Amino acid sequence: MALIRNPFDHDLPSADSPRVHVQLDGTWVEVPLGLNVIEVARRFGKLIPHYCYHPKLSIAGNCRMCLFEMGTPKRGPDRKPILDAEGRPELQWMPRPQIACATTAFEGLGIRTGSPLAESCQKGVMEFLLANHPLDCPICDQAGECKLQEHAFDYGKGRSRFGEEKVKKPKRVDIGPRILLDDERCILCTRCIRFAREIADDDCLGITQRGGRNRLSIYPDKRFASNYSLNTADICPVGALTTKDFRFRMRVWFLKETKSICVDCATGCNVTIGSREGFVHRLTPRVNEAVNSHWMCDQGRLGFHPIHSKHRVLEPARRGEAGLFPGEWPLVLGQVAESLRKLEPPSLALLVSARLTNEELFLVQRLRDLLQGESEIFTEVVPRKGEADGLLRSDDLNPNSRGSRILGIGAGGEKLPELRKRIEEGKVRALFCLHEDAVSAGVPEELLERLSLLVWQGILADKTSEKAHWVLPGASFAEKSGSMVNRAGQVQRLHQAIPAPGRAKEDVWILRGLILALGGEDLGQSGPEVFSKMAATTPAFQGLTWPGLGDQGVSLPAEAR
Amino acid sequence: MVYRKVEMAEIGSAKGPTGEHRIILRYADEPDYTPDIDCYLRHGGYEQLRKALSMDPAAIVAEVKASGLRGRGGAGFPTGTKWGFIDHAKNRKPVYLLCNADESEPGTFKDRQIIYKDPHQLLEGMIISSYANHAHLAYIYIRGEMVRGAQILERALAEARAKNLLGANILGSGYDLDIFVFRGAGAYICGEETGLIESLEGKRAYPRIKPPYFPAVLGLYLCPTIVNNVETLCNVKHIVEMGGEAYAKIGTRNNTGTRIWCVSGDVRRPGYFEYDGGAITLGKLLYEVCGGIRDGNRLKAVIPGGSSAKVLRAGETYRIRRANSEGTMEEIEMTLEDLPLDFDTIAASGSMSGSGGIIVMDETRDMVECLNNLSAFYAHESCGQCTPCREGALWMHKILDRMAEGEGRPEDPQLLLDLSGQIAGRTICAFGEACSWPVESFVAKFREEFEAKAAQERKEHERLQPAC
């Protein structure tokens, strides 16, 4: 079950549905009773083209692209099906085509997806849809991932017989803070209307005008400002709805697609990172029925932008008399390690982020163990509280709180007030901040100045990095591979989409350098390598392997969470 | 298209030489007949309601089934069968009865005669039908343009309530029913029964997909719903009066009861006429009852069942298979004028008797312009929900408009046929057929006119081409 409740799950029939036999393009197959014909065909590798059907939305049946030729069992005078030599019912084929999205499987249903009748329907609908379409593919953001374009190639006639003037409709309609509408491109499938009504619970879209002049409109004086509005751009089969953020940024066929997860909250929605030449252009949701189903919130989708901020820290550096002075990584790591070694263990505190991956947290754990010996080093994570919205967003904005708890790095920030006290009392004289700003975590700047050693590792300059004696530029979520545990206990993988900018390094690489410099064990150079060491020694991850996590992740047993 | 002004006196409202058999319109055009309840009661009104309330609802359904009554809205579906779809033993939801008074089919003007002149007959039919179907709430969905009709119905409802013919415990029978008038906002598609239901629910009148939204199962507010035409519901009153078997003796087998035919267009005396099913031929109706073609012109074409029916061309002959008096099938050849007016023969001639709107075109009519007139209506009235009708209706109209303006192209006639073939049978509702059948039949039957129009313009078109 996904963490968001979909009003419809046409593609997920209940496990106890009885099985029925249907004939799909001449072959008898067994499918659950009531599964719609599009899903029946999909299970056997056949695509029935469609626009308005979406497995998570109500059935509209308006695009007519999924028309197919339907057969029903012939019945004898006794009303019983007439069986052929193999014991299968003989079928009679209806002259009137039926829509696959609203036709559900029953015993003896016949389906022809590529018969002359079905093909003529597909060709006809394609011709009609293209008649008034502006055909502006060269400047359309949807080009390359447009269903109209794809189906025109596969099912279209190849030439137009439309010699009339096209219907003019509004373009560049600003319907919401993050989304734009082009009514001429719209094929009126109503997916967005149904999404807004049924899932986002913001019923503000509708159709106005009549017939060929129909157009998608927003309710007067309303804005489509839902935090889920950009999902409509994903499910829009054409380029009618585009996100203001990605519009005109990049042709989609140039984007490298990397599977990852969103790190904006503890839900961990599965995403695809679209990047090119070291630059992330967009995140789009990736289907995972155990987490986010087909969706993600706008906040998470647009949350990647800071990784390309001009405030990124790009060079390892040491603070001297005249400010930060860049250094070479081996030297910097050696000197930081040396400074750490000299400390009395209890005088060091680690302020760690619950936005780090399990692998990074595991190396932090090992680093702490190396340094602390018999005594104890203070370690805590910084909590981030948000508001749960009942859909996907969690009230915990740290993506890996569970991971940090499992690996014994933090307890959700409960010990945080103690850090300030310890610094004030002089018990803590050295602080290592990993992707966290001590100032916003409650340690005033003047207290930081009292420290004899302040090491900062992170991506964006902050108040702490301004005071830090050592600055270690780390990597953002898009620049590293690793795993996180979401709020439901799902262990999921991130994959590196782009290299870290400048001389910034993956945090696993930095932490490994420190551990080696302190004489510790080599736990691997990359996230996946560290994962196997971590799984071997952490009971909660026992038996997990990096490849075994797969693209959909693995759910931890309840007691391990 | 030039319309001829018709003098009111010409309209065939008077009885007399027409030889009509008026049941539904029996009193409607009597000089002293008024739409108030006292007049209706004086003429035996609400007696059949009293009789019906003493009967078992299932018995009324059985009478309607026995009567062979077929829906008068256009599709001709057997009313008793429609009523039988609701299983009252299993049903736990409320049942609604809706009267479809959205009469918008061009060429049809029968329901408004009943509403304007004899509203209580409709109410009596509705109350009986509601009782028979265990409905306690019924609506009259009236076309928005019929403002006066809605007022008349409101007044009739108030009169009926005052006499306890509506409301709680009707006439002491223990049966409760109320009826409300709902005015449409002026769209043809609201006459499609599921579009009507959506509109009644306060939504855009987008027809629903069937399956799963069959009105008898998931109708108004997703409850079992019966939608019947005005004339159909009026017939129920007379079936209760005569009994189903006696009613079934009127007309011919499978075309029982009377039907109101609305004749418009190029005849001397257009109007509405009520005859037994199959009792009069098209020729007799046009030449005797309606006084023949206007100005002594010759007949060119007839649309027999409202503008969405396929056109019939004068001089055509049809091979009709039908059961003869001994019950065996025979095939006979008929001319257009020989066609008896009923459901089955007109269907066998390749068209339909639909809503009974007979549109007559004489030899002066340009078929391209006639079809363009119809296609303008359908392009305007398409709801736009599903692709083929939304795009196709407007496209076909644009082609026809261009042809009528003298900008035809040689490929146009074939393109029109192709497009109409890509619409019919592939849409959510019957509007797909409604907008494509006229195109298909006009172009097929008057192809030479369409080709002449296209070819004639081709020469001009060629002249306009640059020499290269």
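The values are calculated or read from the model by the stated rules, or taken from the named source; none is laboratory data. This structure is a prediction, so every number in the text was calculated from the model and none was measured. With ideal geometry, Cβ positions are generated from the backbone for all residues, glycine too; neighbour counts draw on all protein chains shown.
For the structure I just gave you, tell me whether residue A:216 is in contact with a helix residue (DSSP H, G or I) (Cβ under 8 Å, 6 or more places away or on another chain) and in the same structural domain as residue A:238 (by TED's automatic domain parsing).
On the way: in contact with a helix residue (DSSP H, G or I) (Cβ under 8 Å, 6 or more places away or on another chain): yes; in the same structural domain as residue A:238 (by TED's automatic domain parsing): yes.
Taking the combined requirement at face value, the residue satisfies it.
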query: What are the residues in the stretch B:204-216 that are within 14 Å of chain A (Cβ to nearest Cβ) and touching a residue at least 12 places away in the same chain (Cβ under 8 Å), if any?
result: B:204, B:205, B:206, B:207, B:208, B:209, B:210, B:213, B:214
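Here's the yes/no breakdown for (1) more than 20 Å from residue B:255 (Cβ to Cβ); (2) of a type outside the set (Ser, Thr, Tyr):
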{"position": "B:35", "(1), (2)": "yes, yes"}
{"position": "B:39", "(1), (2)": "yes, yes"}
{"position": "B:48", "(1), (2)": "yes, yes"}
{"position": "B:63", "(1), (2)": "no, yes"}
{"position": "B:69", "(1), (2)": "no, yes"}
{"position": "B:75", "(1), (2)": "no, yes"}
{"position": "B:79", "(1), (2)": "no, no"}
{"position": "B:89", "(1), (2)": "yes, yes"}
- line: Among residues of the stretch B:424-434 being out of contact with any Asp or Glu (no Cβ under 8 Å at 6 or more places or on another chain) and assigned to a helix (DSSP H, G or I), the residue farthest from the other protein chains (Cβ to nearest Cβ) is B:434
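Rundown of residues vs (1) among the hydrophobic types (A, V, I, L, M, F, W, C); (2) assigned to a strand (DSSP E or B); (3) over 30 Å from residue B:97 (Cβ atoms), yes/no style:
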site: B:231; (1), (2), (3): no, no, no
site: B:235; (1), (2), (3): no, no, no
site: B:240; (1), (2), (3): yes, no, no
site: B:264; (1), (2), (3): no, yes, yes
site: B:278; (1), (2), (3): no, no, no
site: B:307; (1), (2), (3): no, no, no
message: Return the pair list, or none, for Cβ contacts closer than 7 Å from residues in the stretch A:287-305 that are within 20 Å of residue A:249 (Cα to Cα) to residues that are small (Gly, Ala, Ser), at least 6 apart or on different chains.
response: A:298/A:229; A:304/A:478
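To keep it simple, each residue is scored yes or no on (1) surrounded by 15 or more Cβ atoms within 10 Å (Cβ to Cβ); (2) of a type outside the set (S, T, N, Q); (3) free of Cβ contacts under 8 Å to residues at least 40 places away in the same chain; (4) not in a helix (DSSP H, G or I).
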{"residue": "A:124", "(1), (2), (3), (4)": "yes, yes, yes, no"}
{"residue": "A:135", "(1), (2), (3), (4)": "yes, yes, yes, yes"}
{"residue": "A:141", "(1), (2), (3), (4)": "yes, yes, no, yes"}
{"residue": "A:165", "(1), (2), (3), (4)": "no, yes, yes, yes"}
{"residue": "A:186", "(1), (2), (3), (4)": "yes, yes, no, yes"}
field: Odd one out for residue A:153 among (1) surrounded by fewer than 22 Cβ atoms within 10 Å (Cβ to Cβ); (2) assigned to a helix (DSSP H, G or I); (3) within 13 Å of chain B (Cβ to nearest Cβ)
entry: (3)
query: Which condition does residue A:113 not pass, out of (1) without any contact (Cβ under 8 Å) to a residue 60 or more places away in the chain; (2) hydroxyl-bearing (Ser, Thr, Tyr); (3) more than 9 Å from chain B (Cβ to nearest Cβ), if it passes all the others?
result: (1)
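Looking only at strands (runs of 3 or more DSSP E) that lie completely in the stretch A:445-561, which have at least 2 residues being closer than 23 Å to residue A:349 by Cβ?
On the way: elements: A:453-458, A:470-473, A:482-485, A:490-494.
Of the strands (runs of 3 or more DSSP E) lying wholly inside the stretch A:445-561, those with at least 2 residues that are closer than 23 Å to residue A:349 by Cβ span A:453-458, A:470-473.
To keep it simple, each residue is scored yes or no on (1) within 11 Å of another protein chain (Cβ to nearest Cβ); (2) out of contact with any Pro (no Cβ under 6 Å at 6 or more places or on another chain); (3) at pLDDT 95 or above.
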| position | (1), (2), (3) |
| --- | --- |
| A:126 | yes, yes, yes |
| A:133 | yes, yes, yes |
| A:141 | no, yes, yes |
| A:157 | yes, yes, no |
| A:167 | yes, yes, yes |
| A:195 | no, yes, yes |
| A:204 | no, yes, yes |
message: Could you go through the stretch B:379-393 and let me know if any residue there is touching a helix residue (DSSP H, G or I) at 6+ places or on another chain (Cβ under 8 Å), modelled with pLDDT of 95 or more and more than 12 Å from chain A (Cβ to nearest Cβ).
response: no
task: Go through the residues of the stretch A:23-45 one by one and say whether even a single one is part of a loop (DSSP other than H, G, I, E, B) and among the polar types (S, T, N, Q).
output: no
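Looking for whichever is touching an Asp or Glu at 6+ places or on another chain (Cβ under 9 Å), touching a residue at least 24 places away in the same chain (Cβ under 8 Å) and part of a helix (DSSP H, G or I) here; the options are B:157, B:165. Which one fits?
Details: B:165 fails: part of a helix (DSSP H, G or I).
Among B:157, B:165, only B:157 is touching an Asp or Glu at 6+ places or on another chain (Cβ under 9 Å), touching a residue at least 24 places away in the same chain (Cβ under 8 Å) and part of a helix (DSSP H, G or I).
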statement: Subset of the stretch A:169-193, residues within 13 Å of chain B (Cβ to nearest Cβ) and within 29 Å of the chain's Cα centre (by Cα), comes to A:183, A:186, A:187, A:188, A:189, A:190, A:193
message: When the residues of the stretch B:218-237 are narrowed to those that are away from every other protein chain (no Cβ under 14 Å) and surrounded by fewer than 23 Cβ atoms within 10 Å (Cβ to Cβ), which ends up nearest to residue B:189 (Cα to Cα)?
response: B:221
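Yes or no, residue by residue, for (1) within 14 Å of chain A (Cβ to nearest Cβ); (2) charged (D, E, K, R); (3) in a loop (DSSP other than H, G, I, E, B); (4) without any contact (Cβ under 8 Å) to a residue 40 or more places away in the chain:
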position: B:319; (1), (2), (3), (4): no, yes, no, yes
position: B:325; (1), (2), (3), (4): no, no, yes, yes
position: B:331; (1), (2), (3), (4): no, yes, no, yes
position: B:358; (1), (2), (3), (4): no, no, no, no
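Among the listed residues A:175, A:193, identify the single one that is outside any loop (DSSP other than H, G, I, E, B), β-branched (Val, Ile, Thr), touching a strand residue (DSSP E or B) at 6+ places or on another chain (Cβ under 8 Å) and buried (at least 21 other Cβ atoms within 10 Å of the Cβ). Show your work before the answer.
Values: A:193 fails: buried (at least 21 other Cβ atoms within 10 Å of the Cβ).
Result: A:175 is the single residue among A:175, A:193 that is outside any loop (DSSP other than H, G, I, E, B), β-branched (Val, Ile, Thr), touching a strand residue (DSSP E or B) at 6+ places or on another chain (Cβ under 8 Å) and buried (at least 21 other Cβ atoms within 10 Å of the Cβ).
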query: All but one of (1) within 25 Å of residue A:269 (Cβ to Cβ); (2) within 14 Å of chain B (Cβ to nearest Cβ) hold for residue A:12; which doesn't?
result: (2)
task: Could you list all residues from the stretch B:388-423 that are buried (at least 23 other Cβ atoms within 10 Å of the Cβ) and either aromatic (Phe, Trp, Tyr) or in a loop (DSSP other than H, G, I, E, B) (or both)?
output: B:395, B:408
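Picking from A:403, A:413, A:408, which residue would you name as being closer than 23 Å to residue A:511 by Cβ, touching a residue at least 12 places away in the same chain (Cβ under 8 Å) and surrounded by 23 or more Cβ atoms within 10 Å (Cβ to Cβ)? Talk me through it step by step, then tell me what you get.
On the way: A:413 fails: surrounded by 23 or more Cβ atoms within 10 Å (Cβ to Cβ); A:408 fails: surrounded by 23 or more Cβ atoms within 10 Å (Cβ to Cβ).
Every option except A:403 fails the conditions.
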query: Given (1) under 30 Å from residue B:381 (Cα atoms); (2) part of a strand (DSSP E or B), where does residue B:221 come up short, assuming only one miss?
result: (2)
task: Quick one: in the stretch A:206-241, of everything that is among the charged types (D, E, K, R) and more than 22 Å from the chain's Cα centre (by Cα), which residue is nearest to the other protein chains (Cβ to nearest Cβ)?
output: A:210
